[in-house]
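The numbers here are math on the coordinates, done by the rules we state, and not lab data. Worth saying up front: this structure is predicted, and the values here are computed from it rather than measured. Cβ sites come from the backbone with ideal geometry, for glycine too, and all protein chains shown count toward neighbours.
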Amino acid sequence: MDAMKRSVADRFILPGNLKDAGSVKLQFRVKLGKDGKILGTPEADASGGSEATRKTIRDAAFRAIVRAAPFTMLPKDKYDGWKEVIFNFDASDLNP
C-alpha cells in the first residue's frame, strides 16, 4: 500500500498559485480490479478552502490517481483487502 501511495503522490502536481490550498482536505474512494486497474470513476469528497480551490486540487488528485494506475504492485492474493482503496489528501502536506 505504501508503494501505491507513493506512486500517486509522485504524480500529484499542485499549482503553486492557490492561496487557500493549505486548508483543503480530500478523500477519494477508488475501486480496483484484480489487475490493479481502476473500475468506474473514483468518488471524491472535499472540504476546506474555496470552491474553486477544492475543484483544482480534486482535479489534480484525480489525474494523479489515474496516471499511477494500474496498481500492479498490489499482491493479487490479498485482493479482498485492496479492492476498494481510500486515498486521503491534505493539501498542506503537498509540495506545490
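Report the one residue of Ile13, Ala60, Pro70 whose Cα lies farthest in the direction of the positive end of the charge dipole of the stretch 9-96 (charges on C-beta: Lys and Arg +1, Asp and Glu -1; origin at the Cα centre).
Ranked along the dipole, the leading option is Pro70.
If packing is taken as the mean number of other Cβ atoms within 10 Å per residue, what is the order of 53-66, 30-43, highest first?
Result, highest mean first: 53-66, 30-43.
Can you bin every Cα-Cα distance in the stretch 2-93 into 5 Å intervals starting at zero and give me the percent of pairs per bin, rounded to whole numbers?
3, 14, 26, 24, 16, 10, 6, 2, 0
Placing one identical point scatterer on every Cα of the stretch 46-96 and ignoring solvent, what is log10 I(q)/I(0) from the Debye formula at q = 0.32 Å⁻¹?
Each listed q corresponds, in turn, to -1.32.
Can you give the charge dipole size of the stretch 2-93 about its Cα centre, rounded to the nearest 20 debye, using +1 on the beta carbon of Lys and Arg and -1 on the beta carbon of Asp and Glu?
Here the size comes out at about 240 debye.
Sorted from largest down, give the three principal axis spans of the alpha carbons of the stretch 10-57, whole angstrom values.
For the stretch 10-57, the Cα extents along the three principal axes come out at 40, 21, 13 Å.
Filter Lys5/Lys37; Lys37/Lys76; Lys55/Lys78 down to the pairs with a C-alpha to C-alpha distance above 22 Å, please.
From the list (Lys5/Lys37; Lys37/Lys76; Lys55/Lys78), the Cα-Cα distance tops 22 Å for Lys55/Lys78.
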